[in-house]
Structure formats: C-alpha cells, structure tokens
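The values are calculated or read from the model by the stated rules, or taken from the named source; none is laboratory data. Keep in mind the model is a prediction, meaning the values are calculated, not measured. Glycine also receives a Cβ, built like all others from the backbone with ideal geometry; neighbour counts cover every protein chain displayed. Heads up: the accessible areas ignore ligands, DNA and RNA and are worked out on the full protein's heavy atoms, side chains in. Shrake-Rupley method; radii C 1.70, N 1.55, O 1.52, S 1.80 Å.
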Amino acid sequence: MIPTPAQISESMIRELDLRNGGTQGVPKFPMAVPYLALHETGNPSAISITDQYLSRVINGAIYDHIGGGIMRCAEDEDWRYPCFEKTLCDNAQFLRLLAV
C-alpha cells in the first residue's frame, strides 16, 4: 500500500526536532528535501514548521555571513557550532527551499 502525502508528512514531522529544526539529535545537517516536501503539502502547520526551521538555520552559526551559503552541519542542537565545511549540492538544494 502506497502512503498518502498526508501520511508521509505526519511521519516526517515525528522525526523532526520541532524546537530547533532539523532532525532530532546531533550532528544536525541542514536538509532541504524533507522540508520542501512538507511545505508543498500546503498544510499550515507544515509550512510553519518549515519557516521556523529556515529561521533557525539562517540565524544560526552555520550560515556564513561573510562568504554566503551554509555549512554542511552543526555540532550541537542549537545550530551554534558549525563544522566549517560547505558543499555546493547542499547549498543548491537549500536555495530552492528558501525560494518557496
């Protein structure tokens, strides 16, 4: 049986850190694809979760305020300690998420 988009989004939400964004635990990786899927459901709760996540990542230390882009991961739950590595594929996906 193929799950519905609503079932998939509910399952994804259970895996997320709703306080800080991203998945539960550390290290935290900025993920675009799951949040794009949540946003595209049109569910106001899912859109709110996505907006909160974007705010935490962009206002956290993994955003490179000098060179632009985001670091590959954070070493803590609050996005304060970046790993100081950037990858083009992560940033390209994240740009798409920021544009929606």
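Taking the stretch 10-68, which residues are open to solvent by less than 50 Å² (accessible area, probe 1.4 Å), part of a loop (DSSP other than H, G, I, E, B) and closer than 18 Å to Val100 by Cβ?
If the condition is that a residue be open to solvent by less than 50 Å² (accessible area, probe 1.4 Å), part of a loop (DSSP other than H, G, I, E, B) and closer than 18 Å to Val100 by Cβ, then Gly21, Gly22, Pro30, Met31, Ala32, Gly42 are the ones that fit.
Are there any pairs with C-beta distances below 7 angstrom linking a residue in the stretch 73-100 that is assigned to a helix (DSSP H, G or I) to a residue that is at pLDDT below 85 and aliphatic (A, V, I, L, M), with the two at least 6 apart or on different chains, and if so which?
From the stretch 73-100, the pairs are Gln93/Val33.
Quick check on the stretch 8-24. Is at least one of its residues at positive phi and at pLDDT 85 or above?
Scanning the stretch 8-24 turns up no residue that is at positive phi and at pLDDT 85 or above.
Please state which one of Gly21, Gly25 is small (Gly, Ala, Ser) and within 13 Å of the chain's Cα centre (by Cα).
It is Gly21.
If the Cβ limit is 7 Å and pairs must be 6+ apart or interchain, which residue in the stretch 15-34 that is more than 14 Å from Ser55 (Cβ to Cβ) pairs with which residue that is aromatic (Phe, Trp, Tyr) and open to solvent by less than 30 Å² (accessible area, probe 1.4 Å)?
As it stands, the answer is Lys28/Trp79; Ala32/Phe94, since those pairs meet every condition given.
In the stretch 78-100, which residues are farther than 12 Å from Val33 by Cβ, polar (S, T, N, Q) and modelled with pLDDT of 85 or more?
Of everything in the stretch 78-100, just one residue is farther than 12 Å from Val33 by Cβ, polar (S, T, N, Q) and modelled with pLDDT of 85 or more, namely Asn91.
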